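Enquirer: Following this message is one structure expressed as structure tokens.
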Amino acid sequence: MMHWHIVCDFDGTVTRTDAVDNILERFADPSWEAIEDEWLSGKIGSRECLGRQLALVKASPSQLLGYFDSVDIDPAFSDFVERVLSRGATLDIVSDGIEQGIARVLSRHECPLLPIIANRLRQVDQDSWRIEFPHSSDACRAASGNCKCKSAPKGKRILVIGDGQSDMCVAGTADFVFAKDRLAEHCERSGIPYARFDSFADLPALLARLPHSDPAHAISLPLEQQELFHHV
């Protein structure tokens, strides 16, 4: 896999639940749900959505840390990471979630050290917060807090692993996608080459069937291989 770079989502992909949604459910004014509906309908991008939602959170640092310490990950994730890194691939966690929370969750589960490209939470006062977007882009087509397309390096084949709306834009530019849930439905509708998965335990068998050639010599999968993957 030396020619592959993996862009891996976190919330709902590595974890079973969405950490930001859970924080909002526990600590935010209920009006966060109306903002969520605006994002899901495409009226606003995730940058505006998250900025408005996180401003509604009232929680102490210890409450937020206590929540992050309750988050579980897919038990097969660490083995998957070790497998792809040992075979020469590179992998970044690229999330529209919260960098500090992701780092704490991965550390608690003793995952291999990985680059984390995500938004950052900043404390305003004792129990108020704002979210910052160091990886946003004014050119982002999805108006995301974290422009995932910007994270994909040149000169490598790009494999996206994700589950939802924040992964849809970068999935459209990837060489291949491993998808769950709404992302799988989007790939199916849009004709994006993908394989559906439920757990990282499913991925070693799928990795074995990816093309291994240099990106300069093979940019797309053969049609028959695309069809095979679509029905996984």
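Enquirer: Could you list, in sequence order, all residues of region 174-195 that are charged (D, E, K, R) and either modelled with pLDDT of 95 or more or out of contact with any helix residue (DSSP H, G or I) (no Cβ under 9 Å at 6 or more places or on another chain) (or both)?
Expert: Taking region 174-195 and keeping what is charged (D, E, K, R), we get 175, 180-182, 185, 188-189.
The answer is Asp175, Lys180, Asp181, Glu185, Glu188, Arg189.
Enquirer: So Lys150 fits all but one of (1) touching a Leu at 6+ places or on another chain (Cβ under 7 Å); (2) surrounded by fewer than 18 Cβ atoms within 10 Å (Cβ to Cβ); what number is the exception?
Expert: Unmet condition: (1).
Enquirer: Shifting gears a bit: When only residues in region 14-44 that are of a type in the set (S, T, N, Q) and closer than 25 Å to Trp129 by Cα count, which is surrounded by the most Cβ atoms within 10 Å (Cβ to Cβ)?
Expert: Just the residues of region 14-44 that are of a type in the set (S, T, N, Q), to begin with: 15, 17, 22, 31, 41.
If we keep only those that are closer than 25 Å to Trp129 by Cα too, we end up with 15, 17, 22, 31.
Details: Thr15: 21, Thr17: 12, Asn22: 16, Ser31: 11.
Selected residue: Thr15.
Enquirer: Considering only region 142-158, state which residues are within 26 Å of Gly42 (Cβ to Cβ) and not in a loop (DSSP other than H, G, I, E, B).
Expert: Looking only at region 142-158, we keep the residues that are within 26 Å of Gly42 (Cβ to Cβ), and these are 142-152, 158.
Lys148, Cys149, Lys150, Ser151, Ile158 - these are the residues of region 142-158 that are within 26 Å of Gly42 (Cβ to Cβ) and not in a loop (DSSP other than H, G, I, E, B).
Enquirer: Collect the residues in region 35-67 that are part of a helix (DSSP H, G or I) and over 29 Å from Cys140 (Cα atoms), keeping them in residue-number order.
Expert: Going through region 35-67, the residues part of a helix (DSSP H, G or I) turn out to be 35-40, 46-54, 61-67.
Across region 35-67, the qualifying residues are Pro61, Ser62, Gln63, Leu64, Leu65, Gly66, Tyr67.
Enquirer: Within region 125-141, work out how many residues are assigned to a loop (DSSP other than H, G, I, E, B), touching a Lys or Arg at 6+ places or on another chain (Cβ under 8 Å) and closer than 22 Å to Ile44 by Cβ. Break it down into steps so the answer makes sense when it comes.
Expert: Narrowing region 125-141 to residues assigned to a loop (DSSP other than H, G, I, E, B): 125-128, 133-141.
Narrowing the set further to residues that are touching a Lys or Arg at 6+ places or on another chain (Cβ under 8 Å) leaves 127-128, 133-137, 140.
Now drop any that are not closer than 22 Å to Ile44 by Cβ, which leaves 128, 133-137, 140.
So the answer is 7.
Enquirer: Among the residues of region 73-113, which ones are buried (at least 18 other Cβ atoms within 10 Å of the Cβ), assigned to a helix (DSSP H, G or I) and acidic (Asp, Glu)?
Expert: Scanning region 73-113 gives a single hit, Glu99.
The values are calculated or read from the model by the stated rules, or taken from the named source; none is laboratory data. Computed from a prediction, not measured in an experiment: that's the story for all the values here. Note that each Cβ is placed from the backbone with ideal geometry, even for glycine, and that neighbours are counted across all protein chains shown.
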